[in-house]
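Report on the following structure.
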Amino acid sequence: MKMTPIVNIDGTSRESLVTDRRNVLTAIDALMAALQETAPHGRDYLGDKERYIFDRSIYATRFATLDKLRNEIQDEALAIQDGDA
(Lines give C-alpha, C1' and ligand atoms only; values in the text may rest on other atoms or scores of the structure.)
Protein backbone atom coordinates (compact mmCIF):
# COMPACT_ATOMS: atom_id res chain seq x y z
CA MET A 1 0.00 0.00 0.00
CA LYS A 2 1.15 3.49 -0.75
CA MET A 3 -0.01 6.83 0.63
CA THR A 4 -0.51 9.40 -2.10
CA PRO A 5 -0.72 12.91 -0.66
CA ILE A 6 -1.64 15.71 -3.04
CA VAL A 7 1.14 18.28 -2.97
CA ASN A 8 -0.38 21.75 -3.04
CA ILE A 9 0.41 25.30 -2.01
CA ASP A 10 -1.64 25.02 1.21
CA GLY A 11 -0.26 21.64 2.25
CA THR A 12 3.01 20.16 3.41
CA SER A 13 5.86 20.78 1.01
CA ARG A 14 7.02 18.03 -1.31
CA GLU A 15 10.45 18.28 0.31
CA SER A 16 9.03 17.73 3.80
CA LEU A 17 6.90 14.80 2.69
CA VAL A 18 9.95 13.14 1.14
CA THR A 19 12.23 13.99 4.08
CA ASP A 20 9.77 12.48 6.55
CA ARG A 21 9.80 9.24 4.58
CA ARG A 22 13.59 9.27 4.33
CA ASN A 23 13.71 9.54 8.12
CA VAL A 24 11.44 6.51 8.36
CA LEU A 25 13.74 4.62 5.98
CA THR A 26 16.72 5.44 8.20
CA ALA A 27 14.85 4.13 11.24
CA ILE A 28 13.81 0.95 9.43
CA ASP A 29 17.41 0.40 8.30
CA ALA A 30 18.54 0.70 11.93
CA LEU A 31 15.82 -1.70 13.04
CA MET A 32 16.77 -4.21 10.35
CA ALA A 33 20.41 -4.01 11.44
CA ALA A 34 19.40 -4.59 15.07
CA LEU A 35 17.12 -7.45 14.06
CA GLN A 36 20.01 -9.15 12.29
CA GLU A 37 21.63 -9.51 15.70
CA THR A 38 18.76 -11.78 16.73
CA ALA A 39 19.20 -14.21 13.84
CA PRO A 40 19.24 -17.73 15.24
CA HIS A 41 22.59 -19.52 15.13
CA GLY A 42 22.91 -23.27 15.10
CA ARG A 43 25.24 -23.26 18.10
CA ASP A 44 22.32 -22.09 20.23
CA TYR A 45 20.15 -25.07 19.21
CA LEU A 46 22.45 -28.01 19.82
CA GLY A 47 20.51 -31.21 19.54
CA ASP A 48 17.31 -29.56 18.34
CA LYS A 49 17.55 -28.92 14.62
CA GLU A 50 13.77 -28.64 14.27
CA ARG A 51 13.58 -25.79 16.77
CA TYR A 52 16.45 -24.05 14.97
CA ILE A 53 14.65 -24.34 11.63
CA PHE A 54 11.40 -23.10 13.19
CA ASP A 55 13.10 -20.12 14.83
CA ARG A 56 14.89 -19.27 11.57
CA SER A 57 11.51 -19.10 9.88
CA ILE A 58 10.25 -16.71 12.56
CA TYR A 59 13.31 -14.53 12.04
CA ALA A 60 12.91 -14.61 8.24
CA THR A 61 9.25 -13.59 8.52
CA ARG A 62 10.11 -10.68 10.79
CA PHE A 63 12.88 -9.50 8.49
CA ALA A 64 10.66 -9.86 5.41
CA THR A 65 7.97 -7.76 7.10
CA LEU A 66 10.43 -4.93 7.68
CA ASP A 67 11.82 -5.28 4.16
CA LYS A 68 8.32 -5.04 2.69
CA LEU A 69 7.57 -1.93 4.77
CA ARG A 70 10.87 -0.38 3.73
CA ASN A 71 10.15 -0.97 0.06
CA GLU A 72 6.66 0.52 0.38
CA ILE A 73 7.96 3.66 2.10
CA GLN A 74 10.77 4.02 -0.44
CA ASP A 75 8.35 3.70 -3.36
CA GLU A 76 6.11 6.27 -1.71
CA ALA A 77 8.97 8.74 -1.24
CA LEU A 78 10.06 8.31 -4.84
CA ALA A 79 6.51 8.82 -6.12
CA ILE A 80 6.15 12.02 -4.11
CA GLN A 81 9.58 13.23 -5.19
CA ASP A 82 8.82 12.55 -8.86
CA GLY A 83 5.40 14.19 -8.60
CA ASP A 84 3.54 10.91 -9.13
CA ALA A 85 1.75 11.06 -5.78
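Run the helix sum for the chain: -39,500 (n - 2.57) per DSSP H stretch of 4+ residues, divided by residue count, reported at 222 nm to the nearest 500 deg cm²/dmol. Could you put the intermediate results ahead of the total?
Details: 2 runs with 57 residues, N = 85.
Taking each H run of at least 4 residues, the total per residue is -24000 deg cm²/dmol.
When the gyration tensor of the chain is built from Cα positions, what are the square roots of 5 times its three eigenvalues, in whole Å, from largest to smallest?
Details: eigenvalues 301, 25, 8 Å².
Largest first, the chain gives 39, 11, 7 Å.
Suppose every K and R has +1 on its Cβ and every D and E has -1 on its Cβ; what is the size of the dipole of the chain about the Cα centre, in Debye to the nearest 20?
Details: 11 positive and 15 negative charges, 62 e Å.
Result for the chain is approximately 300 debye, rounded to the nearest 20.
What order do 1, 32 take when sorted by accessible area (1.4 Å probe), most exposed first?
1, 32
Taking springs between alpha-carbon atoms closer than 10 angstrom, which of 62, 43, 22 fluctuates most in the Gaussian network model of the chain?
43
Taking the Cα centre of the stretch 46-85 as the origin, how large is its charge dipole in debye, to the nearest 20, when only Lys and Arg (+1) and Asp and Glu (-1) carry charge on their Cβ atoms?
Numbers: 6 positive and 9 negative charges, 79 e Å.
Roughly 380 debye, rounded to the nearest 20.
Once the piece of chain linking residue 54 and residue 24 is laid out straight, how much longer is it, given 0.36 nm per residue of separation minus the C-alpha distance between them? Kindly include the intermediate steps, with their values, before the conclusion.
Values: separation 30, 0.36 × 30 = 10.80 nm, distance 3.00 nm.
Here the answer is 7.8 nm.
The values are calculated or read from the model by the stated rules, or taken from the named source; none is laboratory data. Because the structure is a prediction, the values reported are computed rather than measured. Methodologically, a virtual Cβ is constructed for each residue, glycine included, from the backbone with ideal geometry; neighbour enumeration extends over all protein chains shown. Only protein heavy atoms, including side chains, enter the accessible area calculation; ligands, DNA and RNA are left aside. Shrake-Rupley method; radii C 1.70, N 1.55, O 1.52, S 1.80 Å.
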